[in-house]
1. Among LEU53, LEU41, LEU20, which is the only one that is surrounded by 19 or more Cβ atoms within 10 Å (Cβ to Cβ), outside any strand (DSSP E or B) and within 10 Å of the chain's Cα centre (by Cα)?
2. Looking only at the stretch 23-38, count every residue that is farther than 19 Å from GLN86 by Cα and not in a helix (DSSP H, G or I) and tell me the total.
3. Return the residue satisfying two criteria in turn: it lies in the stretch 65-93 and is surrounded by 13 or more Cβ atoms within 10 Å (Cβ to Cβ) and touching an Asp or Glu at 6+ places or on another chain (Cβ under 7 Å), and of such residues it is nearest to GLY38 (Cα to Cα).
4. Taking only the stretch 50-66 into account, find how many residues are at pLDDT below 95 and in contact with a strand residue (DSSP E or B) (Cβ under 8 Å, 6 or more places away or on another chain).
5. Hey, can you tell me all the residues within the stretch 67-93 that are over 13 Å from the mean Cα position of the chain (by Cα) and modelled with pLDDT of 95 or more?
6. Which of the residues belonging to the stretch 1-17 are free of Cβ contacts under 8 Å to residues at least 40 places away in the same chain, of a type outside the set (Gly, Ala, Ser) and surrounded by 12 or more Cβ atoms within 10 Å (Cβ to Cβ)?
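The values are calculated or read from the model by the stated rules, or taken from the named source; none is laboratory data. As the structure is a computational prediction, the values presented were derived from the model and not from experiment. Cβ: placed from backbone, ideal geometry, glycine included. Neighbour counts: every protein chain shown.
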Amino acid sequence: MAGQQVGFLSLSVSQDGLALYVRELHLLEGARGRGHGGCILRAVFAEARRRHLAAVRLTVFKNNPAQRLYARSGFATVGEEGCFWQMECPVPV
(Lines give C-alpha, C1' and ligand atoms only; values in the text may rest on other atoms or scores of the structure.)
Protein backbone atom coordinates (compact mmCIF):
# COMPACT_ATOMS: atom_id res chain seq x y z
CA MET A 1 0.00 0.00 0.00
CA ALA A 2 3.02 2.27 -0.41
CA GLY A 3 1.88 5.72 -1.45
CA GLN A 4 -1.78 4.82 -0.95
CA GLN A 5 -4.17 6.19 1.64
CA VAL A 6 -4.70 3.67 4.45
CA GLY A 7 -7.10 5.63 6.63
CA PHE A 8 -7.85 8.86 8.43
CA LEU A 9 -6.25 10.51 11.48
CA SER A 10 -7.41 13.59 13.37
CA LEU A 11 -5.41 15.06 16.28
CA SER A 12 -5.83 17.94 18.70
CA VAL A 13 -4.15 19.20 21.85
CA SER A 14 -6.11 18.22 24.96
CA GLN A 15 -8.11 20.85 26.81
CA ASP A 16 -5.58 20.86 29.67
CA GLY A 17 -2.72 21.43 27.17
CA LEU A 18 -0.72 18.45 28.45
CA ALA A 19 -1.45 15.79 25.85
CA LEU A 20 -1.97 15.14 22.17
CA TYR A 21 -5.47 13.75 21.70
CA VAL A 22 -6.29 11.23 18.98
CA ARG A 23 -9.74 12.43 18.01
CA GLU A 24 -10.21 9.89 15.23
CA LEU A 25 -8.12 7.05 13.83
CA HIS A 26 -9.75 4.95 11.14
CA LEU A 27 -7.99 2.37 8.99
CA LEU A 28 -9.44 1.06 5.77
CA GLU A 29 -10.40 -2.58 6.11
CA GLY A 30 -7.64 -3.72 3.75
CA ALA A 31 -5.02 -1.86 5.82
CA ARG A 32 -5.90 -3.49 9.14
CA GLY A 33 -3.58 -6.10 10.61
CA ARG A 34 -0.62 -4.99 8.49
CA GLY A 35 1.25 -2.79 10.98
CA HIS A 36 -0.16 0.51 9.75
CA GLY A 37 -1.85 1.28 13.08
CA GLY A 38 1.40 0.88 15.01
CA CYS A 39 3.25 2.98 12.46
CA ILE A 40 0.64 5.72 12.75
CA LEU A 41 0.83 5.66 16.55
CA ARG A 42 4.63 5.97 16.42
CA ALA A 43 4.16 9.07 14.26
CA VAL A 44 1.61 10.41 16.76
CA PHE A 45 4.13 9.93 19.59
CA ALA A 46 6.78 11.71 17.51
CA GLU A 47 4.40 14.63 16.99
CA ALA A 48 3.66 14.77 20.73
CA ARG A 49 7.43 14.85 21.44
CA ARG A 50 7.87 17.62 18.86
CA ARG A 51 5.19 19.64 20.65
CA HIS A 52 6.75 18.88 24.09
CA LEU A 53 3.57 17.16 25.31
CA ALA A 54 3.70 14.55 28.07
CA ALA A 55 1.08 12.07 26.88
CA VAL A 56 -1.17 10.84 24.11
CA ARG A 57 -4.85 10.30 24.94
CA LEU A 58 -7.75 8.72 23.11
CA THR A 59 -11.25 7.37 23.59
CA VAL A 60 -12.27 4.02 22.14
CA PHE A 61 -15.50 2.03 22.05
CA LYS A 62 -15.38 -0.76 24.63
CA ASN A 63 -16.07 -3.35 21.93
CA ASN A 64 -13.51 -2.00 19.41
CA PRO A 65 -10.76 -4.55 18.64
CA ALA A 66 -8.32 -1.62 18.21
CA GLN A 67 -8.01 -1.66 22.01
CA ARG A 68 -5.45 -4.44 21.59
CA LEU A 69 -3.31 -2.21 19.35
CA TYR A 70 -3.49 0.60 21.89
CA ALA A 71 -2.56 -1.72 24.78
CA ARG A 72 0.41 -3.13 22.80
CA SER A 73 1.50 0.46 22.14
CA GLY A 74 1.58 1.27 25.86
CA PHE A 75 -1.86 2.80 26.43
CA ALA A 76 -3.63 2.13 29.72
CA THR A 77 -7.30 2.58 30.51
CA VAL A 78 -7.65 5.63 32.76
CA GLY A 79 -11.42 6.00 32.80
CA GLU A 80 -14.71 5.11 31.21
CA GLU A 81 -17.69 7.00 29.95
CA GLY A 82 -20.73 5.03 28.87
CA CYS A 83 -19.70 2.74 26.03
CA PHE A 84 -16.14 4.19 25.81
CA TRP A 85 -12.80 3.56 27.47
CA GLN A 86 -10.56 6.58 27.99
CA MET A 87 -6.94 5.61 27.40
CA GLU A 88 -3.62 7.37 27.87
CA CYS A 89 0.05 6.68 27.22
CA PRO A 90 3.06 8.70 28.38
CA VAL A 91 5.10 9.87 25.40
CA PRO A 92 8.15 7.59 25.13
CA VAL A 93 11.48 9.43 25.08
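1. Working: LEU53 fails: within 10 Å of the chain's Cα centre (by Cα); LEU20 fails: outside any strand (DSSP E or B).
So the residue among LEU53, LEU41, LEU20 that is surrounded by 19 or more Cβ atoms within 10 Å (Cβ to Cβ), outside any strand (DSSP E or B) and within 10 Å of the chain's Cα centre (by Cα) is LEU41.
2. Initially, the stretch 23-38 is screened for residues farther than 19 Å from GLN86 by Cα, giving 27-36.
If we keep only those that are not in a helix (DSSP H, G or I) as well, we get 27-28, 32-35.
Residues meeting the conditions: 6.
3. Step one: filter the stretch 65-93 for residues surrounded by 13 or more Cβ atoms within 10 Å (Cβ to Cβ), giving 66-67, 69-71, 73-75, 77, 84-91.
Subset that is touching an Asp or Glu at 6+ places or on another chain (Cβ under 7 Å): 75, 86.
Working: PHE75: 12, GLN86: 19 Å.
Looking at residues that are surrounded by 13 or more Cβ atoms within 10 Å (Cβ to Cβ) and touching an Asp or Glu at 6+ places or on another chain (Cβ under 7 Å), I get PHE75.
4. 1
5. Looking only at the stretch 67-93, we keep the residues that are over 13 Å from the mean Cα position of the chain (by Cα), and these are 78-84, 92-93.
Passing the criteria: VAL78, GLY79, GLU80, GLU81, GLY82, CYS83, PHE84.
6. Quick first cut of the stretch 1-17, residues free of Cβ contacts under 8 Å to residues at least 40 places away in the same chain only: 1-12, 15-17.
Then drop every residue that is not of a type outside the set (Gly, Ala, Ser), which leaves 1, 4-6, 8-9, 11, 15-16.
Passing the criteria: VAL6, LEU9, LEU11.
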